1. If you roll a 1.4 Å probe over the heavy atoms of the protein chains, what accessible area per residue do you get for the stretch 32-142, in Å²?
2. Leaving out ligands, DNA and RNA, and with a 1.4 Å probe, what % of the accessible surface on the stretch 102-142 is carbon or sulfur?
3. Once you have a ≥ b ≥ c as the square roots of the Cα gyration tensor eigenvalues for the stretch 14-142, tell me rounded if a/c is under 1.5, and otherwise prolate or oblate according to whether a/b is larger than b/c.
4. Can you run phi through the Karplus equation (6.51, -1.76, 1.60; θ = phi - 60°) for the stretch 108-119 and list ³J(HN,Hα) in whole Hz, with x for Gly and Pro?
5. Provide the packing ranking of 46-52, 25-31, 89-95, i.e. peptides ordered by the mean count of other C-beta atoms within 10 Å per residue, highest first.
6. Give me a comma-separated list of calculated 3J(HN,Hα) values for the stretch 120-125, in order, Karplus coefficients 6.51, -1.76, 1.60 applied at θ = phi - 60°, integers in Hz, x for any Gly or Pro.
7. Using the basic label-point model (7 angstrom from Cα toward the beta carbon), what is the residue 42 to residue 65 distance in nanometres?
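The values are calculated or read from the model by the stated rules, or taken from the named source; none is laboratory data. What you see is a predicted model, and the numbers here were worked out from it, not measured in a lab. Cβ placement follows ideal geometry from the backbone for every residue including glycine, while neighbour counts extend to all protein chains displayed. Note: accessible area is taken over every heavy atom of the protein model, side chains too, but ligands, DNA and RNA are not part of it. Shrake-Rupley method; radii C 1.70, N 1.55, O 1.52, S 1.80 Å.
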Amino acid sequence: SPFVIGLLVRLTGIGVTSGEAAAVMAWVGAALMLVGIALWITAIRTLGELFSVDVDLRSRHRIIDTGVYARIRHPAYAGMLTVLLGYGIASGDWLVAVDFLVIPLAAFTYRISVEERALVERFGQEYLDYARRTKRLIPFVY
């Protein structure tokens, strides 16, 4: 957990940056947090009334493939992960940065698999075609 990793870093000094490197990390982290927030908000606004925190497909649902959804299928998760990575980097502790990314990434990966199964079940080939044109979280990569 971030608490345990943070405590170990503080006790051992492993992973801690200082001086100019810490200042650079703080600025880079802050910039990533702003990018992540913007991506998250854009994703939710693009979905509009279709946004839900539950995996719940209703009759009015359709595949959104415009805006940020033209490149990635889960931009809200990508935005949240970018915020967490930025926070970890800004902390100046590399181990905390890794911890803030790895645990949520595992949770989001599971959630994405649940959502994508539901979307394939609901939309079939239409969703599979969309999935072939896009990446899950990182444009052109994954």
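1. For the stretch 32-142, the per-residue accessible area is 58 Å².
2. Roughly 63 percent, rounded to a whole number.
3. prolate
4. After applying 6.51 cos²θ - 1.76 cosθ + 1.60, I find 5, 4, 5, 4, 4, 5, 5, 4, 5, 4, 5, 5 Hz.
5. 89-95, 25-31, 46-52
6. For the stretch 120-125, the Karplus-derived couplings read 5, 4, 7, 10, x, 4 Hz, x marking Gly and Pro.
7. Output for this residue pair reads 2.0 nm.
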